[in-house]
Amino acid sequence: MSIPIIPVELIRIIVALGAVGAFVGLNGLVLVYVERKVAGHCQRRPGPFEVGPHGLLTPLADALKLVGKQLFMPTGADPWLFWLAPIVSFLPVLLLFLPIPFSPVLTGMEVHLGILFILAFSGINVLALCLAGWGSNNKWALLGAGRAVAQSVAYEIPLLLSLLAVIFMVGSLNLSEIVRSQGSWPWQWHICTQPLAFLIYFTCAVAEVNRNPFDLPEAESELTAGFHTEYSGMAFGLFFLAEYMNMIIVCSIATVVFLGGWQGPFFSGALWFFAKMYALLFIIIWFRWTYPRVRFNQLLNINWKWLLPLGLANLLVTAFLMKIF
Amino acid sequence: MSEQWMKGLKTLCSARSSFEKTGQIWSVFLSPERILEAARRLYDEEYFIEDISVVDTADGFLVVYHFDHFDGSARVALRCLVPHDNPRVPSIASVFTGADWHERESHDFFGIEFTGHPNLIPLLLPDDLGFHPLIKEEKARVPLKDLMEPGEIVECDPGFTLFPEEAKEAESEKPAKEATQGS
Amino acid sequence: MGALRESWQNIVDLWSLIVGLKVTGKYFCYRHRTVHYPRKTVDNINTFRGPLELVPKSKDPTKPKCIVCMMCATNCPCGAITLVKKKAPKPTPEELKAEEEAKARGEKVKKKKAPKEPARFIQDFSLCSLCGICVENCPVGSIRFSNDVYFAVTRREDLALDLLARLRERAGEMEKTLSVEQEA
Amino acid sequence: MTRQAAAEQVAGDFYTRHFVEPGPREDTLILNMGPQHPSTHGVLRIVLELDGEYILRAEPVIGYLHRMHEKMAEVKTCLQYMPNMGRVDYLHPLAWNWAFVGAVERLGEIEVPERAEYIRVITVELNRITSHLVWWGAYILDLGAFTPIMYAFDDREYLLDLLQIPTGSRLTYSFFRPGGVSTDLTEDFLKGVLEFIPYFRSRLPMYKDLVTDNIILRKRIEEVGVIPLEVCRRYGATGPVLRGSGQPYDVRRAEPYSVYDRFDFEIPTDEKLDAMGRYRVRVAEMEQSMRIIEQAIEGLPEGPHIVKGAPKPKWKAPKGEAYFAVEGARGKIGVHLVSSGKANPYRLKLRSPTFSNMSLFAEIARGTLLPDAVAILGSLDLVIPEIDR
């Protein structure tokens, strides 16, 4: 060992993590604003309006408020589990952004098993919800955690099945490879060859990130606030941020796998990626301000009786067709 | 409206009253022991319970049960008078389950003991209140005969003396009655 | 067979989700209905019942029509109105002298009657339930509801409104505007 | 107090004494829902014994908003009591106005001018629509959709602006007086109502598209909270809860008061007995209310809005008793007035419909899921101040 090799890859990852951190913070603020504006306009009101021009600074004020609030722990809660939960919920989110190819250049880390990486790490979120529910010493939180675990575990299966169908066709788990296998025009994207897989994926994604109509773990009219009933200040803020980041990740995957990633008509680049991703985010937010919530047994019925068989059938048909042609 | 339920029921005094004037068509005085039987008969005739209220009179607490029928204006008022010092009435919650809350409310306001009630704990008032707010002072109480007219008496037990002779007088001397009303 | 038909029905009914999105999507594009309060105001407030105000005499805008009959104060369900009658004016020394002289002459002395005017007319707005019984029962029509929607105070004590002072204030304002108009 | 001692004090009987047979099973969870819970609409508290999310027992605990209106009546004159009647049920206050005024009129044998009766019908029916709109929005909110309540409040705002013209207030009306109403209707108001009706009719299909037809909502509330007619009868449930159980009982028809016998309207019922049935009944009732309003405006006679010689503030009710019932948005509102010939009522009993409707909750919630309990609570259309009085 005469010349120390500069650990290029390590530096790259550290820089990428820093960039991802900034990206997460910025996108969190933007999403809060978008969500409240969409809610407002759907309900024929302006949404946030007073802080800054058209309320642009409202999310910043919200963030300041959350940071400034007292952190509160209920009597009888388990302090370790209680404070661990928001951190466990938030940290994997940073990792999840690493393998996502925003553009050919803007990729944190080329991971050959990209999809597997993301799915594996996003599973940690369930653990956080479980810890939060158990550690809070609150019955509502406990019920919410129970729901969260059942829901997340159940919906991961059809989610995986729907992605597998595309992976079969591409023959790679690398996200950049998947993007390159699609063309720049919409009919060359996988959504046209695998529409059913896309529908299954999107439904599962909404359920996986606990958004309406599948927001049962935090159903406020039933469980007050579900697993984060007892959290205040930034501890709640971390859960909140993690939820939004998970939304971004599932939409990013959908963009990569089904919508052609950074490719688009006329030009390619990160702009297309973000446009597609935000369009999907808008749809998820739009869902929330339109639909009522399903009941818990219905939620599981949808999964086990509809999505899972459909996903399996879709996978089998894909495999069969692949074999023939 | 059929009055099947009244056949064979021992009442102290039963009277028909005018719906236009009082909003009731029957007002029936019962002794507390009979109330459960009357409720059961009304239940069999498909009446539903409206409310249970109490009037604090000089003669005692008058517990008033209102029942009505889905077929139209057929409000029946069952009444039973209980003494101030020992207000006990059997609970009808076993027949009309909705009476449960009404009885608890009456217990809150007047301290009436509904015997046989499944869970006679305070409903609207705090547990440690210590008094019954709607009980009137002794001198503010008014005798029953000054509060309501019995109406057209159909049947009356000779031992029932709350409306002594006046009722019959009232029937014959309407103008005189109105004069007393104005005072 | 029934189960199949039911399943098919469920799939068909999924269309209702799209219809729902259409409705909210339509309103997303519509103008919103919020009135941005300090910059814009609503105009249908002339029937609103705000705090009471006294109706002035047609001759003198600083004096109310009130004859201190106490109908409003005694009938208010909440006891929100405090009404005090003016005391009889103190006789001047000359009058006192004349009175004594008259007494000495053995004539019957006519004491000055208290004027039928309120000395204090206070409405405690924190108690008022705005039922309108005072307004309806005033025999001379001396009180009415103002339509002051934007009435707000920062301290509870400020809710005890001195209606006479408010009446004088309004009269002063009216004069001011009148004089301004005259100047113009 | 040590934490242990505090825990011992709140365990066991503190919660479970509300059950008929106290004490939880060893493997169940006692859950205290309320008084501050988003879907209990105010300060209702329900003690639940859960097995997982299944409800084994439920017992409502009420009284957190108790104001003793009945005692207040004994220290106020009939006219002074009017503001109280606007505050029993803040969503349909005019019906309570009417119930009390009706009892006073029945007792005092006061004639009401025909125009006043029509004015009462128009305003009460408008108020019924506002009440149902709030229920509609809040119910869908309970089921997890946020937007419909905004649309409902948008329409309700229209109506509140209208009702403000004659009554002068927007929520707690005290508009009726024994012998009539306090102010006459203006042309503005009538014009506004006539404009409102076609507008609101055009909104109803939107409501249907957005909510009623929505498959998620239908799956949520169909076959949930089935209330058989016999249960309604035992508990004395009335109003849309009873009509949702298939019994066409409406005080406006069964005990026709005022001029309701002159109007042509239907009593919507539903044979399904479930929460969806009650939902449909209420939506249909809004349409029927509009029909009544149209007919009433068409037939609105000229004349005084209050009878000459209407009770003065110190008016003494003749001795006697009177019971008067009206159909409120939530069911049969009854006022039992006993007078000893003084200016103050001797005894006033308020029969509130939600009190009876609520009491059946414990029975029908047994064995359902926690979200179903929320759906059932919402379908009963609870207004807590009316339960607690």
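Can you give me the % of accessible surface on chain A that is carbon or sulfur? Probe 1.4 Å, all protein chains present, nothing else counted. Mind dumping the intermediate values first?
Values: 10520 of 13770 Å².
It is 76 percent, rounded to a whole number.
Cα gyration tensor of chain C, axes a ≥ b ≥ c as square roots of the eigenvalues: rounded (a/c below 1.5), prolate (a/b > b/c) or oblate? Please report the intermediate quantities before stating the final value.
Details: a/c = 5.13, a/b = 2.80, b/c = 1.83.
In terms of gyration-tensor shape, prolate.
Quick one: angle between helix C:163-183 and the longest Cα principal axis of chain C, in degrees between 0 and 90, rounded to 10, please.
For helix C:163-183, the angle is close to 90 degrees.
Angle check, please: helix C:2-13 long axis (alpha carbons) against the longest principal axis of chain C (alpha carbons), in degrees 0 to 90, nearest 10.
60
Once Lys and Arg get +1 and Asp and Glu get -1 on their Cβ, which of C:Pro139, C:Pro91, C:Gln123 lies farthest toward the positive end of the dipole of chain C?
Highest projection toward the positive end goes to C:Pro91.
Can you show me the helix-derived [θ] at 222 nm for the protein assembly as shown, built from DSSP H runs with n ≥ 4 at -39,500 (n - 2.57) apiece and divided by the number of residues, rounded to the nearest 500. Could you put the intermediate results ahead of the total?
Values: 42 runs with 511 residues, N = 1081.
Dividing the helical sum by the residues of the protein assembly as shown leaves -14500 deg cm²/dmol.
Which residues in segment C:58-73 place their backbone N less than 18 Å from a point set 7 Å from the Cα of C:Glu175 along the Cα-to-Cβ direction?
Within reach of a label on C:Glu175, which here means backbone N under 18 Å from a point 7 Å along Cα→Cβ, segment C:58-73 contributes C:58-65.
To the nearest 0.05, what FRET efficiency results for A:Val170 and D:Asp184 with a Förster distance of 56 Å applied to their C-beta separation? Mind showing how you got there, number by number?
Numbers: r = 78 Å, r/R0 = 1.38.
The value I calculate is 0.10.
Could you grab the relative contact order for segment A:74-324? Cα pairs under 8 Å, six or more apart, rounded to a whole percent.
On the way: 396 pairs, mean separation 65.8, N = 251.
Once divided by the residue count of segment A:74-324, the mean separation gives 26 percent.
Need one number: buried accessible surface between chains A and C, 1.4 Å probe, both sides summed, DNA, RNA and ligands left out, in Å² to 100. Before the final figure, lay out each step's value.
Values: alone 15810 and 14560 Å², together 28870 Å².
So the buried area, both faces added, is about 1500 Å².
GNM, chain A, Cα, under 10 Å: largest mean-square fluctuation among A:Ile249, A:Ile87, A:Ile283?
A:Ile283
Using r as the Cβ-Cβ distance of D:Asp51 and B:Ile121, and R0 as 25 Å, what FRET efficiency do you calculate, to the nearest 0.05? Don't skip to the end; give the middle numbers.
Details: r = 25 Å, r/R0 = 0.99.
Computed FRET efficiency for D:Asp51 and B:Ile121: 0.50.
How do A:Phe296, A:Phe121, D:Phe176 stack up against each other in accessible area, from largest to smallest, with a 1.4 angstrom probe? Let's see the in-between values first.
On the way: A:Phe296 35, A:Phe121 65, D:Phe176 0 Å².
Descending order: A:Phe121, A:Phe296, D:Phe176.
With all protein chains present and a 1.4 Å probe, how do D:Ile384, C:Ile67 order by accessible area, largest first?
Largest to smallest exposure gives the sequence C:Ile67, D:Ile384.
Can you give me the distance in nm between label points at C:Leu96 and A:Leu57, each placed 7 Å from the Cα along the Cα-to-Cβ direction?
6.9
Relative contact order (percent) for chain D, with alpha-carbon contacts under 8 angstrom and 6 or more residues of separation? List each step's numbers first, then the result.
Numbers: 747 pairs, mean separation 97.1, N = 389.
Rounded, it is 25 percent for chain D.
Please find the FRET efficiency linking B:Phe19 to D:Lys314, where r is the Cβ-Cβ separation and R0 is fixed at 35 Å, and quote it to the nearest 0.05.
Working: r = 30 Å, r/R0 = 0.84.
Computed FRET efficiency for B:Phe19 and D:Lys314 comes out at 0.75.
Of C:Lys65, C:Lys103, C:Lys116, which has the largest mean-square fluctuation in a 10 Å C-alpha GNM of chain C?
Looking only at C:Lys65, C:Lys103, C:Lys116, the largest GNM fluctuation is found for C:Lys103.
Name the most mobile residue of D:Val283, D:Val181, D:Val259, meaning the one with the largest mean-square fluctuation, in a Gaussian network model of chain D with Cα contacts below 10 Å.
Ranking D:Val283, D:Val181, D:Val259 by mean-square fluctuation puts D:Val259 first.
Give me a single rounded figure for B:61-68: the average over its residues of other chain Cβ atoms within 10 Å of their Cβ.
Details: counts 0, 2, 0, 6, 0, 7, 1, 10.
Partner-chain Cβ atoms within 10 Å, mean over residues of B:61-68: 3.
In whole Å, what is the distance between the alpha-carbon centres of segment A:86-160 and segment B:8-41?
Between the Cα centres of segment A:86-160 and segment B:8-41 lies a distance of 69 Å.
How much accessible surface does C:Cys29 have with a 1.4 Å probe, in Å² rounded to 10?
About 110 Å², ignoring ligands and nucleic acids.
Using a 1.4 Å probe and counting only protein heavy atoms, arrange A:Met109, D:Met85 so the residue with the most accessible area comes first.
Details: A:Met109 35, D:Met85 0 Å².
Output order, biggest surface exposure first: A:Met109, D:Met85.
Evaluate peptide A:86-94: per residue, the Cβ atoms of other protein chains within 10 Å of its Cβ; return the mean as an integer.
Numbers: counts 0, 0, 0, 0, 0, 0, 0, 0, 0.
Mean shielding by partner chains, rounded to a whole number: 0.
Run the 1.4 Å probe and let me know the accessible area of A:Trp306, rounded to the nearest 10 Å².
90
If a/c stays under 1.5 just call it rounded; otherwise compare a/b with b/c (prolate if a/b is bigger, oblate if not). Do that for chain D, with a ≥ b ≥ c from the square roots of the Cα gyration tensor eigenvalues. Mind dumping the intermediate values first?
Values: a/c = 2.12, a/b = 1.38, b/c = 1.53.
It comes out oblate by the Cα gyration axes.
Looking only at other chains, what is the average number of their beta-carbon atoms within 10 angstrom of each beta-carbon in D:35-42? Kindly include the intermediate steps, with their values, before the conclusion.
Numbers: counts 0, 1, 6, 7, 6, 1, 0, 0.
Per-residue shielding by partner chains comes out at 3.
Roughly how many nanometres apart are two label points built 7 Å out from the Cα toward the Cβ at A:Val317 and C:Glu157?
Result: 8.0 nm between the two label points.
I need the shape label for the protein assembly as shown. Rule: rounded when a/c is under 1.5, else prolate if a/b > b/c, else oblate, with a, b, c from the alpha carbon gyration tensor. Could the numbers behind the result be given before it?
Values: a/c = 2.27, a/b = 1.61, b/c = 1.41.
In terms of gyration-tensor shape, prolate.
How far, in degrees from 0 to 90, does helix A:139-170 lean away from the longest principal axis of the Cα atoms of chain A, to the nearest 10?
That helix lies at roughly 10 degrees to the long axis.
As a test question: what accessible area, to the nearest 10 Å², does B:Ile135 have when a 1.4 Å probe is rolled over all protein chains in place?
B:Ile135 exposes around 60 Å² with every protein chain in place.
Please give, to one decimal in nm, the separation of the simple spin-label points placed at C:Cys78 and A:Ala275, each 7 Å out from Cα toward the Cβ.
6.0
The values are calculated or read from the model by the stated rules, or taken from the named source; none is laboratory data. Only a predicted model underlies this, so the values are computations on that prediction, with no experimental measurement involved. Cβ sites come from the backbone with ideal geometry, for glycine too, and all protein chains shown count toward neighbours. Side chains are part of the model used for accessible areas, which takes the heavy atoms of the whole protein and leaves out ligands, DNA and RNA. Shrake-Rupley method; radii C 1.70, N 1.55, O 1.52, S 1.80 Å.
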